[in-house]
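Colleague: Here you go, one structure.
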Amino acid sequence: MTVAASLPRSGTAPTATMGEQIPFDVDHLRADFPILGREVEGRPLVYLDSANTSHKPRCVVEAMEDHYLHHNANVARAMHALGGEATAAFEGGRQQIADFIGAERPEEVIFTKNASEALNLCAHTLGSRVGPGDEIVISVMEHHSNIVPWQLLAERTGATLRWFDVNEDGRLDLVGAASEGLINERTKIVSITYVSNVLGTVNPVSEIVSLAHAVGATVVVDASQAVPQLPVDVTLLGADLVAFTGHKMVGPTGIGVLWGRYDLLAELPPFLGGGEMIEVVTMAGSTFATPPHRFEAGTPPIAQAIGLGTAAGYLSAIGMDAIAAHEQEITAYALDGLKTVPGLRILGPREPVDRGGAVSFTLPDVHPHDVSQLLDSRGIAVRGGHHCARPLHHRFGVQSSTRASFYLYTTKAEIDALVDGLGYTQRFFGGGR
Ligand SMILES: Cc1ncc(COP(=O)(O)O)c(C=O)c1O
């Protein structure tokens, strides 16, 4: 039986929360992902681009299909049976996400379009808390989604943007940050990634939260690469706001999440205006709904919330500890394999400690776009480019890199195919062995 087959069928509300854990077996769970059975260029697909977007198990697609085929209606406004069913399923998805990330209550979970929108929501609504002379701290390893909204906020308010640097091993330079007083009484916001999408580094978020809270700063965490691969408990983490995206955690595209401490959310102003986020609208002005609806203007991503709730149930059924252990094992195997490729330079930690399943690297004299094209000709999907992290690539003195990223369905045979493919790439360009 596949993992998905063991999940309860979804009715009006997704019911994929599991009491019972399913033993981790990569071959077994691959059967839940039909796309992994396809071929590319006459060879079995080797999908090593999950940090970009993950594949979806059949149960996620079926939950969304079931909604559209049998329960479709708008939520929170249609006073009929279908409206009630759709609303229950949508709010059921919110509850499943709250349970998955250890939120104290579902009202702390805001649905957005993606992580980028969640981070823009943070920068916009926290804007009234910063002014000229204040400081916002981010890091050089951020995705552009956690850089640009803060640059825009700094421009708007006259605040200064300051940066954590990284050391050569791709770890945050906490010693340098302490000696230059990076976090100080002028710091109003610290926004930091939990897991780097390029280096794979897992940052000591709780330590940074303590430093930031000691000076009264608000902490935003970009957990887009963390929630899919690590057990994340937002309450234990201690941050104020945590953003992530659905499509990297076996969920659908078109939905992201912002979790926030309820008392903070209750103080923040709206982000976008429109239907459903209001309390009363008159010609003289408007008052606003309580969280989370204050931050969800217009028709929300209904089917996506149902799919995302099912995705969280699927990951919980397998167990986030088991998924993290599998990623650790696969990443260790990949790092060993990649170290055998002549001249290959790994950006980020070379050891599988405090490290997620994304490994970026460069090959001497071969452009990352050529690497990905040649690998693609052998059915191997990786990403070549700057991975939306140009400042980080600049920091390491390169324009771009090739990134292989792994997930719960990645096998050691796929890593072997990658290492072989890189040998082929080097021979093609007249280098290597
Ligand atoms: C660390 C990190 N933050 C933010 C994002 C943005 O996610 P989305 O494109 O779904 O908004 C990504 C996506 O690659 C990411 O890896």
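None of the figures in this text is laboratory data; all of them are computed from the coordinates on show. Since this is a predicted model, take the numbers as computed values, not measurements. Note: ideal-geometry Cβ built from the backbone for every residue, glycine included; neighbour counts use all protein chains shown.
Colleague: Which one of THR157, THR287, THR402 has the biggest mean-square fluctuation once the chain is modelled by GNM with Cα springs under 10 Å?
Modeller: Its mean-square fluctuation being the largest, the pick is THR287.
Colleague: Another question about this same structure. Note down the nm distance, to one decimal, between modelled labels 7 Å out along Cα→Cβ at GLU41 and at ARG427.
Modeller: Label at GLU41, label at ARG427, 1.4 nm between them.
Colleague: Whole-Å semi-axes of region 164-211's equivalent ellipsoid, largest first, each the root of 5 times a Cα gyration tensor eigenvalue?
Modeller: Semi-axis lengths for region 164-211 are 19, 13, 8 Å.
Colleague: Apply the Karplus curve 6.51 cos²θ - 1.76 cosθ + 1.60, θ = phi - 60°, to the phi angles in region 29-40 and return the couplings in whole Hz, x for Gly and Pro.
Modeller: 6, 4, 5, 6, 10, x, 4, 5, x, 8, 10, 10
Colleague: What are the ³J(HN,Hα) couplings of region 308-321, residue after residue, when phi is run through the Karplus curve with 6.51, -1.76, 1.60 and θ = phi - 60°? Round to Hz, x for glycine and proline.
Modeller: In residue order, the calculated couplings are 5, x, 5, 4, 5, x, 5, 5, 5, 5, 6, x, 5, 5 Hz.
Colleague: Divide by every residue of the chain the summed helix terms, -39500 (n - 2.57) for each DSSP H run of at least 4, and state the resulting mean residue ellipticity at 222 nm, rounded to the nearest 500 deg cm²/dmol.
Modeller: Per the formula, -10500 deg cm²/dmol.
Colleague: Along each of the three principal axes of the Cα atoms of region 320-426, give the extent in whole Å, ordering the values from largest to smallest.
Modeller: That works out to 37, 31, 22 Å along the principal axes.
Colleague: Report, by chain and number, residues whose modeled amide H sits under 5 Å from the one on THR160, excluding near sequence neighbours (fewer than 5 apart, same chain).
Modeller: Those qualifying (amide H under 5 Å, at least 5 residues apart or on another chain) are GLY133, ASP134, GLU135, ILE136.
Colleague: Which log10 I(q)/I(0) values, to two decimals, does region 81-315 give at q = 0.09, 0.15 Å⁻¹ under the Debye formula with one point per Cα?
Modeller: -0.37, -0.99
Colleague: For GLN399 and ASP165 in one chain, what is 0.36 nm times their gap in residues minus the Cα-Cα distance, to one decimal in nm? Before the final figure, lay out the partial values.
Modeller: Details: separation 234, 0.36 × 234 = 84.24 nm, distance 1.79 nm.
Extra length available between GLN399 and ASP165 comes to 82.5 nm.
Colleague: Kindly write out, for region 237-246 in residue order, the coupling ³J(HN,Hα) from the Karplus curve 6.51 cos²θ - 1.76 cosθ + 1.60 (θ = phi - 60°), rounded to whole Hz, with x marking Gly and Pro.
Modeller: Using θ = phi - 60°, the values come out as 4, x, 6, 8, 9, 9, 10, 7, 10, x Hz.
Colleague: With N set to the residue count of region 180-257, report its C-alpha Rg divided by 2.2 N^0.38 Å to two decimal places.
Modeller: 1.15
Colleague: A follow-up question, please. Could you sort the peptides 185-191, 324-330, 196-202 by per-residue average Cβ neighbour count (10 Å cutoff), highest mean leading?
Modeller: 196-202, 185-191, 324-330
Colleague: Now for a separate question. Compute the FRET efficiency between VAL281 and ASP336 as 1/(1 + (r/R0)^6), taking r as their Cβ-Cβ distance and R0 = 41 Å, and round to the nearest 0.05.
Modeller: Given R0 = 41 Å and the Cβ-Cβ separation, E is 0.10.
Colleague: Next up: For the chain, report the convex hull volume of the alpha-carbon atoms normalised per residue, in Å³, without decimals.
Modeller: Numbers: hull volume 61.1 nm³, N = 433.
Convex hull of Cα atoms, per residue: 141 Å³.
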